[in-house]
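First the structure, in the form of structure tokens, and then the observations on it.
The values are calculated or read from the model by the stated rules, or taken from the named source; none is laboratory data. Quick caveat, the model's predicted, so the values are computed rather than measured. With ideal geometry, Cβ positions are generated from the backbone for all residues, glycine too; neighbour counts draw on all protein chains shown.
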Amino acid sequence: MTGIFGAVFDPPHVGHVALVRDARERFDFERFVVLVVDHPGHKDVATDADVRLALAHAAFPDEEVERDPHARTVDMLREHGFDEPVFLVGADQFADFLTWKEPNGVLDLARLGVATRPGFPQERLDRVLAALERPDRVTFFEIEPLDVSSSDIRERIARGEAIDGLVPPAVSAEIAALGLYRRDG
């Protein structure tokens, strides 16, 4: 079984790291791949893919980290042919899963591991499950809620505020060394 966690990682933060850690505890992965999406189809990015790849390597030093040239998950899964893939997403992303390109196609190619947190509205998840052809391909696992986002981290850095505890120390060091996200940088 292959665990797959794809994101923009602009920058990667402790919430990303916690999700991977908790997924590894929940699933029996033989392989785990972190994918840095080059050009996501759903959001703008502040930094180049090579920089985000370096940040992801810093955040996940014990994992395989690769660039993903695909804007859509279904296209990535079709091309890679991972062995028994479990694609990891957060509950917020799963709540929007029906807006993805070919959501049922994604479930034909991979299982979904959905990280939920206490207090997330179950009815939002149930609506998506009810609309899927293969809801049995979705597994939920709970993670500790962490109030952190990449956009908040970028804004804090731009204001000259500390990001201690929001990103792994190696990511913080890389951000500082490269002068990322500063208003003057």
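Values for this structure:
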item	result
Tally, over the stretch 113-128, of residues that are assigned to a loop (DSSP other than H, G, I, E, B) and out of contact with any Pro (no Cβ under 9 Å at 6 or more places or on another chain)	1
Subset tally (residues that are closer than 15 Å to Glu142 by Cα and either β-branched (Val, Ile, Thr) or part of a strand (DSSP E or B) (or both)) for the stretch 93-112	1
Condition check for Ala23: in contact with a Gly (Cβ under 9 Å, 6 or more places away or on another chain), among the hydrophobic types (A, V, I, L, M, F, W, C) and modelled with pLDDT under 95	no
Selection from the stretch 27-41 of residues that are in contact with a Gly (Cβ under 8 Å, 6 or more places away or on another chain) and modelled with pLDDT of 95 or more	Phe27, Phe29, Arg31, Phe32, Val33, Val34, Leu35, Val36
Subset of the stretch 41-61 that is within 13 Å of the chain's Cα centre (by Cα) and of a type in the set (Gly, Ala, Ser) - its residue that is farthest from Lys101 (Cα to Cα)	Ala59
Output for the stretch 53-62, where each listed residue is in a loop (DSSP other than H, G, I, E, B) and surrounded by 19 or more Cβ atoms within 10 Å (Cβ to Cβ)	Phe60
Boolean, Ala18 is touching a residue at least 24 places away in the same chain (Cβ under 8 Å) and among the small types (Gly, Ala, Ser)	yes
Residues within the stretch 151-180 that are among the small types (Gly, Ala, Ser), under 11 Å from Val14 (Cβ atoms) and out of contact with any strand residue (DSSP E or B) (no Cβ under 8 Å at 6 or more places or on another chain), tallied	1
Answer residue from the stretch 4-47, given it is of a type in the set (Val, Ile, Thr) and outside any strand (DSSP E or B) and is nearest to Arg182 (Cα to Cα) among those	Thr47
Answer residue from the stretch 134-151, given it is modelled with pLDDT of 95 or more and exposed (fewer than 15 other Cβ atoms within 10 Å of the Cβ) and is nearest to Asp92 (Cα to Cα) among those	Thr139
Test result for Asp50, surrounded by fewer than 16 Cβ atoms within 10 Å (Cβ to Cβ) and assigned to a loop (DSSP other than H, G, I, E, B)	no
Residues located in the stretch 78-92, provided they are crowded, with 17+ Cβ neighbours inside 10 Å, out of contact with any Phe, Trp or Tyr (no Cβ under 7 Å at 6 or more places or on another chain) and not in a loop (DSSP other than H, G, I, E, B)	His80, Pro85, Phe87, Val89, Gly90
Filter result for Phe94 (of a type in the set (Phe, Trp, Tyr), closer than 22 Å to Phe9 by Cα and over 15 Å from the mean Cα position of the chain (by Cα))	no
